[in-house]
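I have placed the structure first, in the form of structure tokens, so that the comments after it can refer back to it.
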Ligand code: FES
């Protein structure tokens with residue numbers, strides 16, 4: 001059986017814990033300082049409803065890049081690639097194997113997915129599995145006069 005002193009000590013500690021707990025909860029729910037994000041500006045489209053992407057910097061040595069600020073319907077960055085001097089493609093950067101994002105640098109002339117090492121050609125076709133389907137293509141029209149790939153999501 002507890003002595004009167006033991007009872008008062010134990011009871012006092014319990015009362016203190018009950019009194020302090022709400023203050024801890026309120027403090028942990030206090031608003032945090034969140035960064036203010038810049039508003040998202042949709043990309044400009046031309047009169048044809050297409051989004052122009054400059055591809056003048058793509059070459060056989062540097063055949064792929066991310067279209068800056070352009071996200072595809074899958075929520076992933078859009079890649080633009082050079083197949084030849086007159087053939088450019090707009091591709092999803094989402095690997096068709098298990099949905100990792102591929103490496104958009106295209107070293108050694110092909111696109112690699114680092115998750116399981118699938119390789120894709122500049123036209124999006126599979127060079128090496130385990131992926132068995134090509135990268136998703138978007139509708140792109142090459143404008144040679146302006147060195148742009150004009151992309152439309154359908
Ligand atoms: S997710 Fe890309 S190779 Fe597996």
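For this structure, a couple of remarks:
- Members of segment 105-120 that are surrounded by 13 or more Cβ atoms within 10 Å (Cβ to Cβ) and without any contact (Cβ under 8 Å) to a residue 12 or more places away in the chain: 112, 119
- Flag for residue 100 being under 18 Å from residue 72 (Cα atoms), surrounded by 13 or more Cβ atoms within 10 Å (Cβ to Cβ), within 15 Å of the ligand (Cβ to nearest atom) and in contact (Cβ under 8 Å) with a residue 40 or more places away in the chain: no
- The number of residues in segment 46-58 that are free of Cβ contacts under 8 Å to residues at least 40 places away in the same chain and in contact with a strand residue (DSSP E or B) (Cβ under 8 Å, 6 or more places away or on another chain) comes to 2.
- If the condition is being touching a strand residue (DSSP E or B) at 6+ places or on another chain (Cβ under 7 Å) and in a loop (DSSP other than H, G, I, E, B), then segment 61-101 contributes 63, 72, 74, 76, 86, 93, 95, 97, 100.
- The residues on offer are 135, 127, and the sole one that is within 13 Å of the ligand (Cβ to nearest atom) and assigned to a loop (DSSP other than H, G, I, E, B) is 135.
Values in this text are rule-based calculations from the coordinates and carry no lab data. Model, not experiment: these values are computed from the prediction. Counting neighbours? That spans all protein chains shown, and the Cβs are built from the backbone with ideal geometry, glycine included.
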